[in-house]
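Okay, structure first, notes after.
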């Protein structure tokens, strides 16, 4: 390869650098999940947003399916999640209070004992439906490895 050919590759290398830098060679693959009891984990996520989450599990199911589950509590008046979409599907099982679930432009109010569902690829957002009471819900995500 001469200098001219190498210099022609420089823009491609510069464009690929952020992607290469973000790849974490030390990141361990997700472990297979096992059947049995899964206790609630420690809280994670900053609480100034009014959102507190406790991870239950994160790992791989047979068939190369990624699964993650957590419990989230939204304080009254907490801002909604940003509208986004994922490669995985998400289920929200409301334990207390009520949430407003926006899926593909349609707003649903999900109350304690009800379940909301967003299939992979659909735009969605979750917010506490109450200005005075907290909302607590389980989230289960299933889909391809990310």
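Since every read-out is calculated from the coordinates, none of them should be taken as a lab result. Bear in mind that the values here come from a model prediction, so they are computed numbers and not experimental data. Virtual Cβ from ideal backbone geometry, glycine too; neighbours counted across all protein chains shown.
Okay, here's what the table says:
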{"quantity": "Matching strands (runs of 3 or more DSSP E) fully within the stretch 78-128 where at least 1 residues are without any contact (Cβ under 8 Å) to a residue 24 or more places away in the chain", "calculated": "98-103, 106-111"}
{"quantity": "Meets criteria (more than 27 Å from residue 38 (Cβ to Cβ) and surrounded by 14 or more Cβ atoms within 10 Å (Cβ to Cβ)) for residue 100", "calculated": "yes"}
